[in-house]
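Data first, discussion second: the structure below is written as structure tokens.
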Amino acid sequence: MARSLTYIEVAIALPVYNTYTYSVPETLHELVATGKRVLVPFGRRRVTGYILGLAKDINQEGIKTVLDILDENPLFPSSMIPFFRWTADYYLHPIGDVIKCALPGGLNLYDFFTMAITEKGEDALLNNPATSLENQILNRLKTGPCRFKDLNKDFNLHIPNALIHSMESRGVIVCNRKLKGGATKPKLERYVSLPGSDIPMEQLSDSRKKIIETLKTFGEISVKKLQERVPSASRLIKSLEMDGHVSIFQKKVYRDPLGEPIAPDTAHTLTKEQKSVIHTVTQSLGRRFTTCLLSGVTGSGKTEVYMQLAAKTISMGYSVLVLVPEIALISQMERRFRARFGECVAILHSGLSAGERYDQWMRIALREADIAIGARSAVFAPLENIGIIIVDEEHDTSYKQEGGLRYNARDLAVVRAKFNDCVALLGSATPSIQSYYNTTTKKFKAVTLKNRVEKRPLPEITVVDLCKSRDVRGIGRFITPELQREMKATLDRGEQVLLFLNRRGFANYPVCAACGEAIRCKNCDISLTLHQKINAYKCHYCGFTRASTSHCTSCGSTKILLLGIGTEKVEAAVTSLFPDARTTRMDRDTTRRKGSILKILKGLRNQTTDILIGTQMVAKGHDFPNITLVGIICADLSLNFPDFRAGERTFQLLAQVAGRAGRGAAPGRVILQTYNPGHFAISSATNQDFQSFYNQEISFRKSLSYPPFSRMVQLKISGKDPKKTRQHAQAVGDLCHTLKNNNRSFLKSVEILGPIEASLPKIAKRYRWQILLKCPSIKQLHRFLHQIWFEKKANISIRDVNVVLDVDPFFMM
């Protein structure tokens, strides 16, 4: 920015929808740049803001001054600002909060105030020991200073601000403002170098000579590495510095999240289909915005296509963004890209520490990495000059963020590609209905891989009807004789087995044998799940736990029937059936610790694991050639959810997990156990026939006017008081109906479903209602939302009841 800059536009990292103008003092002119953070006054507070550029339409009255520039280098390029603005407008979310969500966590500074009792306050307590609210506050502050938020929590009530201001003005308490936050910073390490070459070596001890010789060889070296050569170096360099022989200084270093080195590889020989796909996509590289949908059967070599397209893109001087849905998949994708491209690869995901993520972010921002790979939040990676954005497993629901900014990373990838005039490549063996429909309307370009590499056959799928084993007791009820026989034969051949069940824990429906009551969560309307490893019943929504020895809360009986199954129960059964097999479980419970996912995947790759049991984490994109048998324990778990996408999710999950079998030289087999063998989603997955599934599903969507034939927004209403929540849900519903009835264009186009109680009426002590808005036109729906959300904000926002907007919702429960 020019030195003459006086006023800048700033987005505040708070839930406020506007941007604000600030003046820049002359001392900070040289440091100002778009994409940097600033510390600014906002009301009575000091908060972090983001520079969006020069301010326009300046009204100089009341403009406040920037207090500080917080960054040495911009955190994001100016080319990302239109993308941030679009995201904020589309999801009706404050732009400052959009940028905050995009950036690594732990960067921002916030003002907060603590309250402390004064001598005058202590005297007031002695003279008036009555139990008024004021005296209760003073008694609490006698134990130590406290934040206002914590005070409300301690007393479990809303303390009026007016009372605090009154107490402060009378001098019985004092309020001190402090800055907190900014915990994530660059890592500094001590380095040593030689300031000159004229060093009297004959006067030095052998260890000191070795230090000097090492520094002559390396120029500069970290103290940590120097100690590997000279163990006493940390102590000796201090005396060498005092004598003027060496210089010790702090240097910024990157924390390494990538782990062990990887042997380089070279590009594989392409199939005719792969060459055709690469040729089609390359025609748009560097020329125009294009979205391509790559539909390729499992094992068809989509990743090799991604890597060869990335190589072409980089050779043309552009950067590459690769999105994958799960952290578990990033390690595999990152390994393959690093083997091909070396150190120009950066990774971004929530499994990194705050410091590691900050370092990777800055490598991208400083253009030290040309390729960024990450989960959904990586769609905001600060790349410039993007040539291609690749979205692997584009159908996956993990791309949808729940909570905060409720964005869909797949959709934003297409939008960002449009802003960068580059290629968006969406890949999947089971494309989403929305994306495939876009190819039929020519919005997306369709490219396909119909065959597996090396002409390997797709796995043979055998359907087992669980209705026939309904009366069987014990293990045979969920690990049928057919599956047991195939597992034994596979293990005897020295091959690996994958068992899939999309439910964790041991028993998901514990019931009292005396009165029939389920063991339920005290905070949610849901039964608890027994987790044997921790000896506790656990709620998968709020985390509430009860000891496994707990009595029935209704009748006090200790006899609890452990109904239902989860991955823990399957693991126990498999261990008893095949005691010599090395069994591993992969679900959220076993992958919480950092590095645990890599450890499990390494065991599969090195064939130190014979049987892997897992949830949907094992179904996505993994490539392990020695897995030749996949057993789907129960294919129906997601089929009957109260969600119009239930059939689509079931088909995708089954087709994906089946595709893990037979990806090497040996052919694969799948045993699919189900209570609904005739359901079209299951029969289509069995026949691996996406087109058949799509044809039936799209007709249902069209007849009911569900996406892709309409756009949807969900209003999620929740509160701790059931009556107040219900009343406010009805009031918001009335507001929506009134607005619709008073506007002719809304009357014809906007459909309002609800308000209705959510399928899970209570989660984490909050009662839940929802309203669904449908409209064929997203522009018309946004007009409707703007009037509800902004013009009627006073009617929407009330104390104790929360209303959240979810544009393009995925989870309808």
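Here residue 10 passes the criteria (1) open to solvent by less than 10 Å² (accessible area, probe 1.4 Å); (2) modelled with pLDDT under 95; (3) more than 24 Å from residue 363 (Cα to Cα); (4) out of contact with any helix residue (DSSP H, G or I) (no Cβ under 7 Å at 6 or more places or on another chain) except the one numbered (2).
Could you please let me know if residue 611 is at pLDDT 95 or above and either of a type in the set (A, V, I, L, M, F, W, C) or surrounded by 17 or more Cβ atoms within 10 Å (Cβ to Cβ) (or both)?
Details: at pLDDT 95 or above: yes; either of a type in the set (A, V, I, L, M, F, W, C) or surrounded by 17 or more Cβ atoms within 10 Å (Cβ to Cβ) (or both): yes.
Judged against the criteria, residue 611 is a match.
Cβ separations smaller than 8 Å between residues 6+ apart or across chains give the following pairs from region 264-275 residues that are among the hydrophobic types (A, V, I, L, M, F, W, C) to residues that are open to solvent by less than 60 Å² (accessible area, probe 1.4 Å) and in a loop (DSSP other than H, G, I, E, B): 270/301.
If you go through region 756-781 one residue at a time, how many are free of Cβ contacts under 8 Å to residues at least 40 places away in the same chain and closer than 24 Å to residue 799 by Cα?
Narrowing region 756-781 to residues free of Cβ contacts under 8 Å to residues at least 40 places away in the same chain: 756-757, 779-780.
Remaining after also requiring closer than 24 Å to residue 799 by Cα: 756-757.
Matching residues across region 756-781 total 2.
When you scan region 785-802, how many residues do you find that are open to solvent by less than 80 Å² (accessible area, probe 1.4 Å), over 28 Å from the mean Cα position of the chain (by Cα) and not hydrophobic (A, V, I, L, M, F, W, C)? Residues that pass the stated criteria total 2.
Filter the helices (runs of 4 or more DSSP H) completely within region 680-745 down to those with at least 1 residues that are among the acidic types (Asp, Glu).
On the way: elements: 680-686, 690-704, 722-741.
The helices (runs of 4 or more DSSP H) meeting that bar are 690-704, 722-741.
If you filter region 357-375 down to residues that are open to solvent by 20 Å² or more (accessible area, probe 1.4 Å) and more than 23 Å from residue 312 (Cβ to Cβ), you find that the one that is nearest to the chain's Cα centre (by Cα) is 357. Of the residues making up region 650-661, not a single one is more than 29 Å from the chain's Cα centre (by Cα) and outside any loop (DSSP other than H, G, I, E, B).
Close contacts from region 685-711, counting a first residue that is without any contact (Cβ under 8 Å) to a residue 40 or more places away in the chain and within 11 Å of residue 644 (Cβ to Cβ) and a second that is polar (S, T, N, Q) and surrounded by 18 or more Cβ atoms within 10 Å (Cβ to Cβ), with Cβ to Cβ under 8 Å and a gap of 6+ residues or different chains, come to none at all. Set side by side, the residues 373, 327 differ, and just one is of a type in the set (Val, Ile, Thr) and over 22 Å from residue 278 (Cβ atoms), which is 327. Which count do you get for residues in region 276-315 that are over 16 Å from residue 443 (Cα atoms), over 26 Å from the mean Cα position of the chain (by Cα) and basic (Lys, Arg)? Within region 276-315, residues that are over 16 Å from residue 443 (Cα atoms), over 26 Å from the mean Cα position of the chain (by Cα) and basic (Lys, Arg) number 2. Going by the conditions given, is residue 220 surrounded by 12 or more Cβ atoms within 10 Å (Cβ to Cβ), touching a residue at least 12 places away in the same chain (Cβ under 8 Å) and closer than 30 Å to residue 186 by Cβ? Yes.
Based on what the data block shows, is residue 453 in contact with a His (Cβ under 9 Å, 6 or more places away or on another chain) and more than 15 Å from residue 577 (Cβ to Cβ)? Write out each step before concluding.
On the way: in contact with a His (Cβ under 9 Å, 6 or more places away or on another chain): yes; more than 15 Å from residue 577 (Cβ to Cβ): yes.
Answer is yes for this residue.
Could you grab me the full set of residues in region 13-39 that are in a strand (DSSP E or B) and either surrounded by fewer than 15 Cβ atoms within 10 Å (Cβ to Cβ) or not basic (Lys, Arg) (or both)? Walk me through it before giving the result.
Here is the first cut: in region 13-39, the residues in a strand (DSSP E or B) are 20-23, 37-39.
Listed by number, the residues that qualify are 20, 21, 22, 23, 38, 39.
Criterion first (outside any strand (DSSP E or B), open to solvent by 30 Å² or more (accessible area, probe 1.4 Å), at pLDDT below 95 and not charged (D, E, K, R)) does residue 664 satisfy it? Against the criterion (outside any strand (DSSP E or B), open to solvent by 30 Å² or more (accessible area, probe 1.4 Å), at pLDDT below 95 and not charged (D, E, K, R)), residue 664 does not qualify.
Among the residues of region 263-277, write down those that are crowded, with 16+ Cβ neighbours inside 10 Å and either in contact with a strand residue (DSSP E or B) (Cβ under 9 Å, 6 or more places away or on another chain) or hydroxyl-bearing (Ser, Thr, Tyr) (or both). Spell out the reasoning first.
Initial filter on region 263-277 (crowded, with 16+ Cβ neighbours inside 10 Å): 270-271, 273-274, 277.
Within region 263-277, 271, 273, 274, 277 meet the criteria.
Within region 338-346, is there a residue that is at pLDDT 90 or above and open to solvent by less than 10 Å² (accessible area, probe 1.4 Å)? So far as region 338-346 goes, yes, one or more of its residues are at pLDDT 90 or above and open to solvent by less than 10 Å² (accessible area, probe 1.4 Å).
Kindly evaluate residue 58 against the criterion of being assigned to a loop (DSSP other than H, G, I, E, B) and either within 30 Å of residue 793 (Cα to Cα) or open to solvent by less than 60 Å² (accessible area, probe 1.4 Å) (or both). It would help to see each step written out before you state the result.
Working: assigned to a loop (DSSP other than H, G, I, E, B): yes; either within 30 Å of residue 793 (Cα to Cα) or open to solvent by less than 60 Å² (accessible area, probe 1.4 Å) (or both): yes.
For residue 58, the condition - assigned to a loop (DSSP other than H, G, I, E, B) and either within 30 Å of residue 793 (Cα to Cα) or open to solvent by less than 60 Å² (accessible area, probe 1.4 Å) (or both) - is met.
One residue is enough: does region 328-335 have a residue meeting the conditions of a type in the set (Lys, Arg) and either modelled with pLDDT under 95 or assigned to a loop (DSSP other than H, G, I, E, B) (or both)? There is at least one residue in region 328-335 that is of a type in the set (Lys, Arg) and either modelled with pLDDT under 95 or assigned to a loop (DSSP other than H, G, I, E, B) (or both). Count of region 162-196 residues, restricted to those that are under 24 Å from residue 119 (Cβ atoms) and either surrounded by 13 or more Cβ atoms within 10 Å (Cβ to Cβ) or modelled with pLDDT of 75 or more (or both), is 15.
Listed residues 740, 724, 720; which is surrounded by 14 or more Cβ atoms within 10 Å (Cβ to Cβ) and under 29 Å from the mean Cα position of the chain (by Cα)? Outline the logic, then answer.
Details: 740 fails: under 29 Å from the mean Cα position of the chain (by Cα); 724 fails: under 29 Å from the mean Cα position of the chain (by Cα).
Of 740, 724, 720, the one residue that is surrounded by 14 or more Cβ atoms within 10 Å (Cβ to Cβ) and under 29 Å from the mean Cα position of the chain (by Cα) is 720.
So which of 107, 92, 75, 52 is more than 18 Å from residue 382 (Cα to Cα), surrounded by 15 or more Cβ atoms within 10 Å (Cβ to Cβ) and touching a residue at least 24 places away in the same chain (Cβ under 8 Å)? Sole residue among the options that is more than 18 Å from residue 382 (Cα to Cα), surrounded by 15 or more Cβ atoms within 10 Å (Cβ to Cβ) and touching a residue at least 24 places away in the same chain (Cβ under 8 Å): 92.
Restrict the check to region 754-762 and report whether at least one residue is touching a Cys at 6+ places or on another chain (Cβ under 8 Å) and either more than 30 Å from residue 527 (Cα to Cα) or buried (at least 19 other Cβ atoms within 10 Å of the Cβ) (or both). Yes, there is a match, as at least one residue in region 754-762 is touching a Cys at 6+ places or on another chain (Cβ under 8 Å) and either more than 30 Å from residue 527 (Cα to Cα) or buried (at least 19 other Cβ atoms within 10 Å of the Cβ) (or both).
Going by the conditions given, is residue 779 under 28 Å from residue 430 (Cβ atoms), assigned to a helix (DSSP H, G or I) and charged (D, E, K, R)? Steps first, answer last, please.
Numbers: under 28 Å from residue 430 (Cβ atoms): no; assigned to a helix (DSSP H, G or I): yes; charged (D, E, K, R): yes.
No; evaluated as a whole, the condition is false for this residue.
The values are calculated or read from the model by the stated rules, or taken from the named source; none is laboratory data. These numbers were taken from a predicted model, which means no experiment stands behind them. Virtual Cβ from ideal backbone geometry, glycine too; neighbours counted across all protein chains shown. Heads up: the accessible areas ignore ligands, DNA and RNA and are worked out on the full protein's heavy atoms, side chains in. Shrake-Rupley method; radii C 1.70, N 1.55, O 1.52, S 1.80 Å.
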